[in-house]
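**Student:** Mind having a look at this structure? Questions to follow.
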Amino acid sequence: MAEENHGNVKIERPPNRLAEKVPKTGGKTVQQAVADADRAIQRLSKDYDRHLADDMVALENYMAAVKKAPTTANLKTLFRLVHNIRGQAATFGFPLITEVGRSLCLYLLETEDESEVNVALIEQHVNALRVIYREKIEGQGDRLSREVVDALMKAVETQTSRHQ
Amino acid sequence: MAYDFSNLRVLIVDDNRFMRETVEAILESIGIGTVYHAQNAEEGFAMTRDRQPDVIISDWDMEPGDGITLVKWLRLDENSPDRYIPVIMLTGFSERKRVVEARDSGVTEFLAKPVSTKSMYARLMSIIDQPRPFIRTDTYFGPDRRRRADGKYKGRERRQNKEVFLV
């Protein structure tokens, strides 16, 4: 391995084994890979529908737990679920769920003190997620959907900036 | 370009089964030959030792043991099976402090969620075609955090002969 010393900084150049393993010809182009991935995602989407339905039931239960007792543990459980929901939703045609979920995750990440948590704001996010799911609002939705999402994101921005 | 990834072995680390399957579907569509799964940092570390993947794609927020923990173990642990392995970190957050935290832990590339095939392909190409040197200082070991010489670095120059490696 090539090494260089520059004062307190040592630079190491490990051999590029990956370049040897991956020829630049003979595989798929980006366009071919995208087309194949679209078909694979389509096949997964039926599983996703069932998976999302289960997640929405859990979301309702976890929100009820947070309303009853907004403890760090309950907030963390809710965060984990929303984190997973938002990570997949846009891939399967629900970018608004990803946006609202991202906004809620950001709020939960930035609000470390459970005594300062705004349960109403969390519930507004959860309600929005449930509406988007129930109404099957795919893509960017209509103007009203956009306004609701923007308002939630703005509220989180306002709340989290207070904590900084 | 039509990269042939069939000899590549990739480890996906994510605590969500469906997310792992989604990422695997994308990797298979790209033509990745072998895909392994792990559910958290500890499993990811063990799989890296046992299966010797070429690339790791890890979620950030996992329990128990998140993606940053995994990267730190890989880069710094004396029993690390591969200190130089490229790690692509999946994240839904692009806030500066999160990016800096990941960068300073030794992450090679970021990939924003939702994961797209195009961006995954691009990150793999970047790792193969533009491997960054590794930097070892008293406080850091990992890929060079200066990705390019754009003249924007305003900090103290701690490297001698900087023209040698600011490429």
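Every read-out reported here was derived from the displayed coordinates using simple, explicitly stated rules and does not represent laboratory data. Small disclaimer: the values here were computed from a predicted structure and weren't measured. All Cβ positions, glycine included, derive from the backbone under ideal geometry; neighbour counts span all protein chains shown.
**Student:** What is the sum of charges around B:ILE12, taking Lys and Arg as +1, Asp and Glu as -1, for the other residues whose C-beta is under 10 Å from the C-beta of B:ILE12?
**Tutor:** Local net charge: -3.
**Student:** Straight-line reach from A:LYS136: which aspartates and glutamates have Cα under 12 Å away, leaving out those fewer than 8 places along the same chain?
**Tutor:** A:ASP49
**Student:** Please build a GNM for chain B, connecting alpha carbons under 10 Å apart, and tell me which residue among B:THR108, B:THR91, B:THR117 fluctuates the most.
**Tutor:** Looking only at B:THR108, B:THR91, B:THR117, the biggest GNM fluctuation is shown by B:THR117.
**Student:** Follow-up question, since we're still on this one. What is the sum of charges around B:PHE93, taking Lys and Arg as +1, Asp and Glu as -1, for the other residues whose C-beta is under 11 Å from the C-beta of B:PHE93?
**Tutor:** +2
**Student:** Here's another thing I want to ask about it. Using only Cα atoms, tell me the angle between helix B:96-105 and the longest principal axis of chain B; keep it within 0 to 90° and round to the nearest 10.
**Tutor:** In chain B, helix B:96-105 runs at an angle near 90 degrees to the longest axis.
**Student:** Can you tell me the 0 to 90 degree angle between the C-alpha axis of helix B:117-129 and the longest principal axis of chain B, rounded to 10?
**Tutor:** The angle comes out near 50 degrees.
**Student:** Mind checking the alpha-carbon convex hull of the protein assembly as shown and giving the volume per residue in Å³?
**Tutor:** 156 Å³
**Student:** By count of other Cβ within 10 Å, fewest leading, how are A:VAL119, A:VAL82 ordered?
**Tutor:** Fewest to most other Cβ atoms nearby, the residues stand as A:VAL119, A:VAL82.
**Student:** A further question follows. Hey, what angle do you get for helix B:41-51 against the long axis of chain B, alpha-carbon based, 0 to 90 degrees rounded to 10?
**Tutor:** 80 degrees
**Student:** Same structure, new question: Calculate the dipole size of the protein assembly as shown relative to its Cα centre from +1 charges on Lys and Arg beta carbons and -1 charges on Asp and Glu beta carbons; express the result in debye to the nearest 20.
**Tutor:** So the magnitude is around 940 debye.
**Student:** I'd like the distance between the alpha-carbon centres of region A:108-164 and region A:1-42, rounded to an integer number of Å.
**Tutor:** The distance from the Cα centre of region A:108-164 to that of region A:1-42 comes to 38 Å.
**Student:** May I ask you to evaluate 6.51 cos²θ - 1.76 cosθ + 1.60, the Karplus curve with θ = phi - 60°, for each residue of region A:137-142 and list the ³J(HN,Hα) values in order in whole Hz, giving x for glycine and proline?
**Tutor:** 7, 8, x, 8, x, 9
**Student:** For a test of the definition: using alpha carbon positions, the gyration tensor, and the 1.5 limit on a/c, classify region B:9-164 as rounded, prolate or oblate.
**Tutor:** Here region B:9-164 falls in the prolate category.
**Student:** Turning to a different aspect of this structure: Given the options B:ILE30, B:ILE57, B:ILE85, state which has the largest fluctuation in a GNM of chain B using a 10 Å cut-off (strictly under) for Cα springs.
**Tutor:** Judging by the Gaussian network model, the answer is B:ILE30.
**Student:** Please list the non-local residues whose amide H lies under 5 Å from the amide H of B:PHE5, H modeled 1.01 Å from N, same-chain partners needing a gap of 5 or more.
**Tutor:** A:LYS28
**Student:** If each DSSP helix of 4+ residues adds -39,500 (n - 2.57) and the sum is divided by the residues in chain A, what number results at 222 nm, nearest 500 deg cm²/dmol?
**Tutor:** -24000 deg cm²/dmol
**Student:** Okay, helix-only estimate at 222 nm for chain B: each DSSP H run of n ≥ 4 adds -39500 (n - 2.57), divide by all residues, round to 500 deg cm²/dmol; what do you get?
**Tutor:** -10500 deg cm²/dmol
**Student:** With equal scatterers on the alpha carbons only and no solvent term, can you work out the Debye log10 of I(q)/I(0) for region A:46-163 at 0.16, 0.21, 0.23 1/Å?
**Tutor:** Reported log10 I(q)/I(0), two decimals: -0.69, -1.18, -1.38.
**Student:** Still on this structure: Karplus couplings for region B:73-88 from phi (6.51 cos²θ - 1.76 cosθ + 1.60, θ = phi - 60°), rounded to Hz, Gly and Pro as x?
**Tutor:** Rounded to whole hertz, the list is 4, 5, 6, 10, 5, 5, 9, 4, x, 6, 5, 9, 5, x, 10, 9.
**Student:** Identify, among A:ALA120, B:GLY92, A:SER45, the residue whose Cα sits farthest towards the positive end of the charge dipole of the protein assembly as shown, taking +1 on the Cβ of Lys and Arg and -1 on the Cβ of Asp and Glu, with the dipole about the Cα centre.
**Tutor:** Of the listed residues, the answer is B:GLY92.
**Student:** Along the charge dipole of the protein assembly as shown, Cβ charges K/R +1 and D/E -1, which of B:TRP73, B:SER119, B:ILE135 sits furthest on the positive end?
**Tutor:** B:ILE135
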